[in-house]
4 protein chains.
Amino acid sequence: MNERSFILVEILEAVISVKGKNNKKYKIILEAAITIFAKNGFYQSTVSEIAKEAGVADGTIYLYFKNKDDILVQFFNYKTRQVFSAFKAEVEKTDDTVAKLENLVRKHLEEFQRDRNMAFVYQAVTHQKNPLVADKINEISKMYLDIVADIIEKGQQEGSIRKDIYLGLVKRFILGAVDTVINTWLYSGAKYDLTSMTDPLMDLFIRGIGNSEGGKSLE
Amino acid sequence: MNERSFILVEILEAVISVKGKNNKKYKIILEAAITIFAKNGFYQSTVSEIAKEAGVADGTIYLYFKNKDDILVQFFNYKTRQVFSAFKAEVEKTDDTVAKLENLVRKHLEEFQRDRNMAFVYQAVTHQKNPLVADKINEISKMYLDIVADIIEKGQQEGSIRKDIYLGLVKRFILGAVDTVINTWLYSGAKYDLTSMTDPLMDLFIRGIGNSEGGKSLE
Amino acid sequence: MNERSFILVEILEAVISVKGKNNKKYKIILEAAITIFAKNGFYQSTVSEIAKEAGVADGTIYLYFKNKDDILVQFFNYKTRQVFSAFKAEVEKTDDTVAKLENLVRKHLEEFQRDRNMAFVYQAVTHQKNPLVADKINEISKMYLDIVADIIEKGQQEGSIRKDIYLGLVKRFILGAVDTVINTWLYSGAKYDLTSMTDPLMDLFIRGIGNSEGGKSLE
Amino acid sequence: MNERSFILVEILEAVISVKGKNNKKYKIILEAAITIFAKNGFYQSTVSEIAKEAGVADGTIYLYFKNKDDILVQFFNYKTRQVFSAFKAEVEKTDDTVAKLENLVRKHLEEFQRDRNMAFVYQAVTHQKNPLVADKINEISKMYLDIVADIIEKGQQEGSIRKDIYLGLVKRFILGAVDTVINTWLYSGAKYDLTSMTDPLMDLFIRGIGNSEGGKSLE
DNA sequence: TATGAATGAGATTTCATTCAT
DNA sequence: GATGAATGAAATCTCATTCAT
């Protein structure tokens, strides 16, 4: 989704107002829920807490969401979709393969740094067994892995990326490393600039940790 | 704890039988709990389910565990400690840095493949906000990261590992990648041999994904 | 608290409606709880029974009371405080010492006769070791004993009460005797008019059981 | 029960050994139970606690007592009966009415001071609604009240006690006052000598609190 | 729409009692 | 007789969800 199509969606939402989803209150509740989920975890959060955080009555939640689980589902539909479309846009800004990957990683760190609550919820939920969000997670995960896979494949064609690697592993390897960096940052109390991890991460992706001595001087 | 002292502890446990901790039933319940936690997640599991799986009455659980949370805490004390001491032993089998890392990764994949329930619980809980196990997780995580850090540092001294890397990042990068591989395997339904991922993973750690052309042939 | 300030409090309660404390349902539940406590005793009463008696769902109890113990605590805060302020008012109605004591005793018997459930709970709880209400009981007990002590002291100054008595004992002696009379009435099935005991009780307090004819005056 | 018949019972118990009631362990458990009941109250005490205090296994309790309630019932049969027969003996030591009452009161305070646990349990249980011990309590209470009534009636015949009093009230009035004095002592932490209350109590019983100087003789 | 009091199903936990050893 | 592990009924309490206002 590019800038223009994004605006179009906003307009459409304003016009059709499907089920109040573009309603200001819908967003307030969703944001409040994410704040609470991030603080206590999904199962330890109560609908009452969310309502209080959102400044609405408990019952009001049910005018916008089917049930508690649905809040989580909507979170993946609304919030993270937005983020992932931003990732795609970022990748398309350049034609250079390594730069594409670097843009993706930086944007990923940037967005998760900007919305720490989302980061917390994302980290927690993707490792849980909630059947209601499992499909969404798979879908989103696949979206991300596909972006990475596309980049890698293009790089292989260009010659900047090794051909003797297992693509299915590599794409997960990259996502896993980024996830870990975010997780470490979250649990450290978010004291440092997360995006500063982009260059060291890229360096590890591209060159590994091995010392290739001699031949390295040719690079 | 080395091999010998470990055996000693086993013997001692068999002799003193401290409050049933080495009791057969204690292990049955713990194993049952992990099975249930792995299937449904901690918060969606009930004590009744665990009791049923263990083949005991609900009340019996409370003869061995203070409360539901305590089962999780005991799991980390009993089960994973065992695993991590196995990791350490595996690392000490060789002096070669790269082989040490490879042994660690292989053992990690091997153990988690062998006990899939443990793997599920471990994956889920390490990404949750359960204040009761948070400290244990940090402790175990640190243990693992320290093992990796020791290997890396030794490799840097020997010259097999690059010196221009950020150690704090690298150790987490490696743990994150292994975690992701395990997670993918778990959610794929454990259809393939997890340990077969050792070599491709090591290759990515050491050489990265970048194509260093010319010079590479020298390696 | 005098008559006027008491009315003021009633009005204020009606206006501010602090968290349902003056709520109709709060009173219904409290009254139901006292009925059940009076019938079975505190520890043999269940929250379900109270809910049933009050005509509400079990969970509703917890909207008005923190837990089962809290119901008892609230009972002492709300119900008996009211009674004891009535005692004080009654004492102030006259300046004659003996009449003051008589008014107190009569009002005491009157109030406990009127609310037999309260009487049962009061009798039971004041002789129990419930740490949650122990402080309240001490406080209320002290209030009562202080009223009696004030009357006795005033009587001693006036000359209507003997000076060679141990005040700390006398005040408890009086409370103890009244309590016993109430207790007897309760366990007899409340078949007679409790307030009719006022005169005989007062007579015993003032004159004792001894026959003072002849020689007694020499003492 | 007089001295002789009491000894007879002891002998009989030693011979027939009905259901182990004269067993050493029976007494140990009963004593332990009273200690625990005195500390926590009956309903807040567990059979396990009693077993631990007695130094026996939980199951052993049920070899000597039908159930938890039965321990309380036995307590009244075994322990307090013993005490009340001592009361009777004490009363019979003199022929002087006032001295009889004084002996009773002193013995009462003495025994309850000597066995504080018994005192606590007695105070608590006599004010509770336990249907299992209700009958026992009534029976014991009646025994005590009858002793007092006998003394009073004899005193009335002799002329030392007023005739214009209500006997049903007076006997309870005396028991209530003694009870209150014991209760106050218990909850004060048993810091002073309880028997020292005998004289002041007797003084209040006989002479009352009224000042009979001058005009009072006209009443 | 919005509210929030009320609901009641369901979860955790306790503990008197039993029974195989 | 003595044990104490095991039982499971029953109690307390929570909280997602509903619905009359």
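The values are calculated or read from the model by the stated rules, or taken from the named source; none is laboratory data. What you see is a predicted model; the values in this text were computed from it and never measured. Don't worry about glycine lacking a Cβ; one is built from the backbone with ideal geometry, like all the others, and counts go over all protein chains shown. We work out accessible area using only protein heavy atoms, side chains counted, and drop any ligands, DNA or RNA first. Shrake-Rupley method; radii C 1.70, N 1.55, O 1.52, S 1.80 Å.
Key figures for this structure:
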| quantity | calculated |
| --- | --- |
| Degrees separating the helix D:24-40 axis from the principal Cα axis of chain D, which is the longest one | 60 degrees |
| Whole-Å semi-axes of the protein assembly as shown's equivalent ellipsoid (Cα gyration tensor) | 81, 35, 21 |
| Carbon/sulfur fraction of accessible area - the protein assembly as shown, other protein chains in place, 1.4 Å, % | 52 percent |
| Hz values of 3J(HN,Hα) by residue in the stretch C:46-52 - Karplus curve (6.51, -1.76, 1.60), Gly and Pro given as x | 10, 4, 4, 4, 4, 4, 4 |
| Per residue accessible area of the stretch B:3-209, 1.4 Å probe, in Å² | 47 Å² |
| Estimated vicinal HN-Hα couplings, Hz - the stretch D:189-198 in sequence order (Karplus 6.51, -1.76, 1.60; Gly, Pro = x) | x, 6, 7, 10, 7, 5, 5, 5, 7, 4 |
| Alpha-carbon centroid distance for the pair the stretch D:141-218 / the stretch B:27-94, whole angstrom | 66 Å |
| Computed [θ] at 222 nm, helices only, for chain A once each DSSP H run of length n ≥ 4 contributes -39500 (n - 2.57) | -22500 deg cm²/dmol |
| Rounded FRET efficiency, nearest 0.05, which uses the C-beta distance separating residue D:70 from residue A:132 and R0 of 51 Å | 0.40 |
| Using alpha-carbon coordinates, inclination of helix C:97-114 to the longest axis of chain C, degrees | 30 degrees |
| Buried solvent-accessible surface, both chains (A, B), 1.4 Å probe, Å² to nearest 100 | 4500 Å² |
| For the stretch C:133-147, Karplus couplings with θ = phi - 60° (6.51, -1.76, 1.60), whole Hz, Gly/Pro x | 9, 3, 5, 4, 4, 4, 4, 5, 4, 5, 3, 5, 4, 5, 4 |
| Zone of residue B:192's modelled label, taken as backbone nitrogen in the stretch B:92-109 under 17 Å from a point 7 Å along Cα→Cβ | B:106, B:109 |
| Nearest-0.05 FRET efficiency for residue D:99 and residue D:52, computed from C-beta distance (R0 45 Å) | 0.50 |
| Crossing angle, helix C:167-187 versus chain C [Cα axis fit, 0-90 degrees, rounded to tens] | 60 degrees |
| Highest-first arrangement of A:94-102, C:121-129, where packing means the average Cβ count within 10 Å | C:121-129, A:94-102 |
| Shielding score for B:170-177, defined as the mean number of other chain Cβ atoms within 10 Å | 6 |
| Whether chain C is rounded, prolate or oblate, judged on the alpha carbon gyration tensor where a/c under 1.5 counts as rounded | prolate |
| Selection from A:202, B:72, D:94, by position along the positive dipole direction of the protein assembly as shown (Cβ) | B:72 |
| Amide H partners (placed H, <5 Å) of residue B:209, local residues excluded | A:206, A:207, A:208 |
| Relative contact order (%) - criterion: Cα under 8 Å, at least six apart; region: chain A | 19 percent |
| Residue pairs, from the table A:93/A:191; C:66/C:107; A:129/B:52; B:24/B:66, whose Cα atoms sit over 27 Å apart | A:93/A:191; C:66/C:107 |
